[in-house]
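First up is the structure itself, then whatever we jot down about it.
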Amino acid sequence: MPVEEFVAGWISGALGLVLGHPFDTVKVRLQTQTTYRGIIDCMVKTYRHESLLGFFKGMSFPIASIAVVNSILFGVYSNTLLALTATSHQERRAQPPSYRHVFIAGCTGGFVQVYCLAPFDLIKVRLQNQTESRARPGSPPPRYRGPVHCAASICQEEGPRGLFRGAWALTLRDTPTLGIYFVTYEWLCRQSAPDGQNPSSATVLVAGGFAGITSWAVATPLDVIKSRMQMAGPKHRVYRGVLDCMARSARQEGLGVFFRGLTINSARAFPVNAVTFLSYEHLLRWWG
Ligand SMILES: CN(C)C(=N)NCCC[C@H](N)C(=O)O
């Protein structure tokens, strides 16, 4: 099993993550809290109340976990394609796999990474939703002191299964959308480099960026549900399942609730995934 794809997936994911985390914080807050009037209002309030650091809350855990999550995603994707088409990453430009195979490999990568992503994503969402300022004297202390304290508190209050709250919604979000992610990327690359040559860096940036936007546009409704289910717990509303969360959110806030965070998700998705694919392709070419 080639391991380069796993290592390239890790490094490229980490670069994309640092770039996109401030957007991600604004998105999570818009999706789960009703106190903000929109993106700008959320950014201004976060900055005023928590300074720039507020945008980077909950980042240390994803940085640590991206090593595992992104390397599983790209590694499983590439190795599934190898199993389906008997071509390595280097051979795939000359003998391109069918879009059906790319879709299956993407869904497989998406499905497998979920069970590693779920606890890390849950902790990230809980920390991002803490709006208390640590710097301000007199303000109430945040519920969780950091990622380790957050994980320990969840285990204590909700049991170890609590760490997987929202995992089913995450599976429904990531399995098909990662198929769409890789198909969009491949399709766009093949439009500008149809003769089996490697796509240029500009093509990879644009194709990666649009793959991110397309997949996140499709993923946003389930992303909202996933974030709400992750926030449910001893202190918040508890839902009976994905369908219950969908029905109650739509009844109380209208259908627009499923598109909360779409704009910020798309703005974040372009640079994050452009950088992720550019570094992934270049690392594999260097090692190839
Ligand atoms: C629609 N979904 C779930 C995805 N496209 N997932 C791939 C993640 C890529 C990158 N780390 C990101 O956070 O955008």
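The values are calculated or read from the model by the stated rules, or taken from the named source; none is laboratory data. This structure is a prediction, so every number in the text was calculated from the model and none was measured. So basically every Cβ, Gly included, is an ideal-geometry build from the backbone, and we count neighbours across all protein chains shown.
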- Output for region 60-86, where each listed residue is free of Cβ contacts under 8 Å to residues at least 60 places away in the same chain and touching a helix residue (DSSP H, G or I) at 6+ places or on another chain (Cβ under 7 Å): I63, S65, I66, A67, V68, V69, V76, T80, L81, L84, T85
- Note on the structure: Taking region 12-44 and the residues there that are among the basic types (K, R) and touching a residue at least 60 places away in the same chain (Cβ under 8 Å), the one that is farthest from Q230 (Cα to Cα) would be K27
- What number of residues within region 27-44 satisfy the criterion of being touching a helix residue (DSSP H, G or I) at 6+ places or on another chain (Cβ under 9 Å) and outside any helix (DSSP H, G or I)? 5
- Those residues of region 26-55 which are among the β-branched types (V, I, T) and either surrounded by fewer than 16 Cβ atoms within 10 Å (Cβ to Cβ) or at pLDDT below 90 (or both), in sequence order: V28, T32, T34, T35, I40, V44
- Query: Only one of (1) aliphatic (A, V, I, L, M); (2) modelled with pLDDT under 95; (3) in a helix (DSSP H, G or I) fails for A169. Which number is that?
  - Reply: (2)
- In the list R237, R268, R190, which residue meets the criterion of being modelled with pLDDT under 90 and either under 30 Å from S88 (Cβ atoms) or within 16 Å of the ligand (Cβ to nearest atom) (or both)? R268
- Among P176, P147, P140, which is the only one that is touching a residue at least 40 places away in the same chain (Cβ under 8 Å) and either in contact with a Ser or Thr (Cβ under 8 Å, 6 or more places away or on another chain) or farther than 29 Å from I104 by Cβ (or both)? P147
- Which one of the conditions (1) in contact with a Phe, Trp or Tyr (Cβ under 6 Å, 6 or more places away or on another chain); (2) under 16 Å from T276 (Cα atoms); (3) of a type in the set (F, W, Y) does F61 fail to meet, given that it meets all the rest? (2)
- Just give me the residues in region 45-62 being farther than 17 Å from Y144 by Cβ and assigned to a helix (DSSP H, G or I), in sequence order. K45, T46, Y47, R48, H49, L52, F55
- Hey, any hits in region 4-26 for a residue that's hydrophobic (A, V, I, L, M, F, W, C), touching a Lys or Arg at 6+ places or on another chain (Cβ under 8 Å), within 14 Å of the ligand (Cβ to nearest atom) and in a helix (DSSP H, G or I)? yes
- Message: Residues that are within 15 Å of the ligand (Cβ to nearest atom) and touching a residue at least 60 places away in the same chain (Cβ under 8 Å): does region 245-262 have at least one?
- Response: yes
- Query: Given (1) out of contact with any Ser or Thr (no Cβ under 8 Å at 6 or more places or on another chain); (2) away from the ligand (no atom under 16 Å from the Cβ), where does M231 come up short, assuming only one miss?
  - Reply: (1)
- Item | Residue that is in contact with a Leu (Cβ under 9 Å, 6 or more places away or on another chain), of a type in the set (S, T, Y) and within 12 Å of the ligand (Cβ to nearest atom), where the choices are T214, T203, T177 | T177
- Residue among P96, P119 that alone is more than 16 Å from the ligand (Cβ to nearest atom), assigned to a loop (DSSP other than H, G, I, E, B), surrounded by 16 or more Cβ atoms within 10 Å (Cβ to Cβ) and touching a residue at least 40 places away in the same chain (Cβ under 8 Å): P96
